[in-house]
Amino acid sequence: MTLPEEGYLLRIFLGESDKKDGIPLYEWIVRRAKAEGLAGATVLRGIEGYGAHSQIHTAKILQFSTDLPVIIELIDTLEKIDAFMPIIEGALENGLVTQEKAKIRLFRKTT
């Protein structure tokens, strides 16, 4: 797969405990992105954060949270990102989604 120099990054912020079809939502989104042919996806787990409800979620021992912040980053062309958005809109009950241009400098795979 090759990507043009100008790509787009879709960033999805949600909670670790969010679910879809009985599995973690972040896992569901990554599997769905792969099935839809998006170029790449990465899930990042935060150690602390808050969102729309202004409740702080943290990994500190004394304030242990089972709902840490999770960020999913998806990269592809604008057309593929736009086509994927209705899937995200249907799956995300709580969270934030951002989109930005990304200059793709290198995209390699080993054979």
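The values are calculated or read from the model by the stated rules, or taken from the named source; none is laboratory data. Model, not experiment: these values are computed from the prediction. Cβ: placed from backbone, ideal geometry, glycine included. Neighbour counts: every protein chain shown.
A few points about this structure:
- Candidates are the residues of the range 6-19 that are under 17 Å from Gly95 (Cα atoms) and either part of a strand (DSSP E or B) or without any contact (Cβ under 8 Å) to a residue 24 or more places away in the chain (or both); the one that is farthest from the chain's Cα centre (by Cα) is Lys19.
- In the range 21-42, the residues that are aliphatic (A, V, I, L, M) and buried (at least 16 other Cβ atoms within 10 Å of the Cβ): Leu25, Ile29, Val30, Ala33, Leu38, Ala39, Ala41
- Residue match in the range 67-74 (condition: in contact with a His (Cβ under 6 Å, 6 or more places away or on another chain), aliphatic (A, V, I, L, M) and either under 11 Å from Leu10 (Cβ atoms) or modelled with pLDDT of 75 or more (or both)): yes
- Hits in the range 78-111 - residues which are under 16 Å from Glu27 (Cα atoms), at pLDDT 95 or above, surrounded by 10 or more Cβ atoms within 10 Å (Cβ to Cβ) and small (Gly, Ala, Ser): Ala91
- Extreme residue, modelled with the highest pLDDT, among residues of the range 1-19 that are buried (at least 18 other Cβ atoms within 10 Å of the Cβ) and out of contact with any helix residue (DSSP H, G or I) (no Cβ under 7 Å at 6 or more places or on another chain): Phe13
- Top-ranked residue of the range 20-66 - restricted to ones that are at pLDDT below 95, on the phi < 0 side of the Ramachandran plot and of a type in the set (S, T, N, Q), ranked as farthest from the chain's Cα centre (by Cα): Gln63
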